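The values are calculated or read from the model by the stated rules, or taken from the named source; none is laboratory data. Treat the numbers as computed from the prediction; the structure is a model and nothing was measured. Don't worry about glycine lacking a Cβ; one is built from the backbone with ideal geometry, like all the others, and counts go over all protein chains shown. These area figures cover heavy atoms from the full protein model, side chains too; ligands, DNA and RNA do not enter into them. Shrake-Rupley method; radii C 1.70, N 1.55, O 1.52, S 1.80 Å.
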Amino acid sequence: MNYKFFLPFFVILLMSFTNLPSNKNALKNSPIEEAKSVSKNASIYNQIDANSFVLPSFDCFNTALEGFYSLKEKGLIEKNILTLVDFSMSSNTKRLWVIDLEKNIVLFQTLVAHGRNTGEEFANDFSNQAESFKSSIGFYATGEIYNGKHGLSLKLDGLIKGLNDKARERAVVIHGADYVSESFIKQNKRLGRSQGCPAIPVEMNEKIINVIKNKSCLFIYHPSKKQELLSKLVS
């Protein structure tokens, strides 16, 4: 055999194989694996005890669960508690859920505010910038409790670069607010708005914060950014 010609051929062949995607990534992105994942998430969704509440949409839950598993695997979250906020819904509806994924039960469903520059009744404009007074969508890890100007509050760490990773420096936190109430809706035809925080009713504040504090997953959803959320999560 003429090794002079065989060696360059072997190198080219080897390089072609090293440029192929790994089996792990190929499987993760294959239609079959995606279908299996959706089927698994649908099974979990159908087993959840709504506990007299109304379940979130499956699209919101499915996206949230994909992120939850990924973040749990990376060690960025620790608890099996998933908090969902669906900003595709009217602010006059209860669009925040806290779900215990170990017991498969909805613990809370309540009102939640969006930022004053994110929209009136509906949230439609989001930002990661300081002083924007806009909400930031995406996945968060809950942090520590502190007492601030709104009383008991919970710090948040945004986990998606460019979408919500400035949450802590912006002081985007969970806190109670009197403008997040049914009475405010009746008087103003819409819920009150925050400076970008996912503010919740005062009477629910302590209960929810004590359940979700310290490394649980919070997901703020809007369908207009779904593909961006998923692509940034994968990367």
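Elements of the type helices (runs of 4 or more DSSP H) sitting completely within segment 1-116 and holding at least 2 residues that are small (Gly, Ala, Ser) and modelled with pLDDT under 95: these cover 31-47, 58-73. Pairing residues of segment 206-231 that are among the small types (Gly, Ala, Ser) with residues that are open to solvent by 70 Å² or more (accessible area, probe 1.4 Å), at Cβ distances under 8 Å and at least 6 apart in sequence or on separate chains, gives 216/78; 224/124.
Do we have any residue at all in segment 175-187 that's more than 18 Å from residue 93 (Cβ to Cβ) and either part of a strand (DSSP E or B) or not acidic (Asp, Glu) (or both)? Yes; the residues of segment 175-187 include at least one that is more than 18 Å from residue 93 (Cβ to Cβ) and either part of a strand (DSSP E or B) or not acidic (Asp, Glu) (or both).
Within segment 83-100, being in contact with a Gly (Cβ under 9 Å, 6 or more places away or on another chain) and crowded, with 24+ Cβ neighbours inside 10 Å holds for one residue alone: 87.
Pairs meeting the criteria (first residue in segment 143-154 and under 16 Å from residue 169 (Cα atoms), second residue of a type in the set (Asp, Glu) and part of a strand (DSSP E or B), beta carbons under 9 Å, at least 6 apart or on different chains) are 143/157; 154/144.
The residues in segment 101-134 that are under 27 Å from residue 183 (Cα atoms), open to solvent by 60 Å² or more (accessible area, probe 1.4 Å) and not charged (D, E, K, R) can be counted, and the count is 3. Within segment 60-85, the set of residues being in contact with a helix residue (DSSP H, G or I) (Cβ under 9 Å, 6 or more places away or on another chain) and over 17 Å from residue 156 (Cβ atoms) comprises 60, 61, 62, 63, 65, 66, 69, 70, 80. Of the candidates 163, 152, the single residue that is in a strand (DSSP E or B), open to solvent by 10 Å² or more (accessible area, probe 1.4 Å), of a type outside the set (Phe, Trp, Tyr) and touching an Asp or Glu at 6+ places or on another chain (Cβ under 8 Å) is 152.
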